[in-house]
Amino acid sequence: NAGVTQTPKFRILKIGQSMTLQCTQDMNHNYMYWYRQDPGMGLKLIYYSVGAGITDKGEVPNGYNVSRSTTEDFPLRLELAAPSQTSVYFCASSPRQGNSPLHFGNGTRLTVT
Amino acid sequence: DQQVKQNSPSLSVQEGRISILNCDYTNSMFDYFLWYKKYPAEGPTFLISISSIKDKNEDGRFTVFLNKSAKHLSLHIVPSQPGDSAVYFCAALPAGNQFYFGTGTSLTVIP
């Protein structure tokens, strides 16, 4: 059981480039989330999805887009990379809303220079 | 606006002793609290949780205490082991779907 898988593990982008961070889960969880973690800060929610075809903004959505065409996949798109998007990105999933722990992937470390 | 705060960035404890990690929150609507453990280059993994209707929850060496009047949460690890060395995050959930995370405390257990 792989859980939540994120690719790539590391990426360096130049300012203005675009990329997609991939996230897939094999636990048939309806709820999926994208967080970013900056040094010395807690995880901040970027976008989340409550099921295929349904997405919503979190606390820090600017500069990002998401889609959820299947239950398994929840990619995060950066269209015009900026240095402020240098961070570690975590994808997570949970089986239900409410009192249920999140299952996290191992993260993608992104540097924008 | 940090609604969940971990004021100690780091903590060092001797092996076999108790580790106490603290977390404070500001929102009285939070009703579910969790602790996550994170090793370098890995994602956070769930450790233990507590609902606001309880004031204590135990799982082996790990105990979480909740003081709602003080809006304070703590994690006790007894006895501490070198493998417990990691970053610990507390998280809180209001009656909704967005978790709020603390900034983390790096625990080092010295053999």
TODO: Please give every one of the lysines within straight-line cross-link reach of B:Lys5, meaning a C-alpha to C-alpha distance under 25 Å, and leave out same-chain neighbours fewer than 8 residues apart.
DONE: A:Lys44, A:Lys57, B:Lys37, B:Lys38, B:Lys54, B:Lys56, B:Lys68, B:Lys71
Task: Cα-centre dipole for the protein assembly as shown with unit charges at Cβ (Lys and Arg positive, Asp and Glu negative), debye to 20 - done: 240
Task: Area of B:Ile50 that stays accessible when all protein chains are in place (1.4 Å probe, Å², to 10) - done: 0
Task: Radius 14 Å from Cβ of A:Cys91, net charge of other residues (Lys, Arg +1; Asp, Glu -1) - done: +2
- [ ] Would you mind calculating the relative contact order of region A:1-77 from Cα pairs under 8 angstrom and at least 6 residues apart, reporting the percent as a whole number?
- [x] 28
Task: Under 11 Å, Cβ to Cβ, from A:His29 - net charge with Lys/Arg +1 and Asp/Glu -1 - done: -1
Task: At least 50 Å² accessible surface lost relative to isolated chain, residues of region A:1-46 (1.4 Å probe) - done: A:Leu43
Open item on the list: Defining a contact as two alpha carbons under 8 Å apart and six or more residues distant in sequence, what relative contact order in percent does chain B show?
Closed with: 37
Open item on the list: If you average the alpha carbon positions of region B:53-111 and of region A:42-113, how far apart do those two centres end up, in angstrom?
Closed with: 24
Open item on the list: Give me the inter-chain shielding for A:95-104: mean count of other chain Cβ atoms within 10 Å, whole number please.
Closed with: 6
Task: Total formal charge among the other residues, if their Cβ is under 11 angstrom from that of A:Thr20, Lys/Arg +1 and Asp/Glu -1 - done: 0
TODO: First obtain the Kirkwood hydrodynamic radius of the protein assembly as shown from its Cα pairs, then insert it into the Stokes-Einstein equation at 20 °C and 1.002 mPa s, and state the resulting D in µm² per second as a whole number.
DONE: 119
TODO: Kindly give the semi-axes, whole Å and largest first, of the ellipsoid equivalent to region B:4-110, taking each as the square root of 5 times a Cα gyration tensor eigenvalue.
DONE: 22, 15, 12
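The values are calculated or read from the model by the stated rules, or taken from the named source; none is laboratory data. All values derive from a computational prediction rather than experimental measurement. Positions of Cβ are backbone-derived with ideal geometry, glycine not excepted, and every protein chain shown enters the neighbour counts. Each accessible area value is taken on the protein alone, full model and side chains, heavy atoms only, with ligands, DNA and RNA left out. Shrake-Rupley method; radii C 1.70, N 1.55, O 1.52, S 1.80 Å.
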